[in-house]
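Q: This is the structure, below, for whatever I ask next.
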Amino acid sequence: MGARFPLSARRGRPDPRAAIPGRHPTEEAMPPKQRRQTRHLPAFVLLALAQGPSHGGAIHSALQERLPGLKVDTAAVYRTLQTLEAEGELSAAWDTAAPGPARKVYSITRAGRLRLDAWREDILHRLEALRGFLDDYDKLPPER
């Protein structure tokens, strides 16, 4: 089986967004500032679901806990879940056993795990570049 994600032309590594031309669909209609805040939202949603199946509200709550400095929009989480499900990276089933309204419970698929792996590689490369920046910055002479 070939690589699910094409390699980034600039970096020679898997591009987590390459399966989708242009921006991720959840980013299309967002203003630039909000787009920056949700750039890695699919990665965080996939990571949460790699830890076990969950419904949208619980995923949103978990993201709020893990990312306190980021305002995670509930609607963005649900749009991301819909997109990832449509792309085959999540599967979903309705839970009608619990009291109250039925809940759609999401699980990560093999394709979702592959996408999560690609996100990990992308983030590792970004961290390496940022560490290099900070190292170089710390070596600057003091300003006079």
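Q: Considering only segment 46-64, state which residues are closer than 18 Å to ILE123 by Cβ and exposed (fewer than 14 other Cβ atoms within 10 Å of the Cβ).
A: ALA50, GLN51
Q: Would you call GLY100 assigned to a loop (DSSP other than H, G, I, E, B) and not hydrophobic (A, V, I, L, M, F, W, C)?
A: Here the answer is yes, as GLY100 does meet what is asked.
Q: Is it the case that segment 34-42 has a residue that's touching a strand residue (DSSP E or B) at 6+ places or on another chain (Cβ under 8 Å), surrounded by 14 or more Cβ atoms within 10 Å (Cβ to Cβ), modelled with pLDDT of 70 or more and outside any helix (DSSP H, G or I)?
A: no
Q: Continuing with this model, one more query. Quick one: which residue in SER54, SER61 is hydroxyl-bearing (Ser, Thr, Tyr), in contact with a Phe, Trp or Tyr (Cβ under 9 Å, 6 or more places away or on another chain) and modelled with pLDDT of 85 or more?
A: Selected residue: SER54, the only one of SER54, SER61 that is hydroxyl-bearing (Ser, Thr, Tyr), in contact with a Phe, Trp or Tyr (Cβ under 9 Å, 6 or more places away or on another chain) and modelled with pLDDT of 85 or more.
Q: Are there any pairs with C-beta distances below 6 angstrom linking a residue in segment 57-74 that is closer than 19 Å to VAL105 by Cβ to a residue that is aromatic (Phe, Trp, Tyr), with the two at least 6 apart or on different chains, and if so which?
A: Pairs that qualify, where the first residue is closer than 19 Å to VAL105 by Cβ and the partner is aromatic (Phe, Trp, Tyr), are LEU63/PHE44.
Q: Only one of these conditions is not met by ALA129: (1) in a helix (DSSP H, G or I); (2) within 17 Å of LEU41 (Cα to Cα). Which number is it?
A: (2)
The values are calculated or read from the model by the stated rules, or taken from the named source; none is laboratory data. Just so it is clear, the model here is predicted, and its values are computed rather than measured. Because the Cβ atoms are built from the backbone with ideal geometry, glycine has one as well, and the counts that use them run over all protein chains shown.
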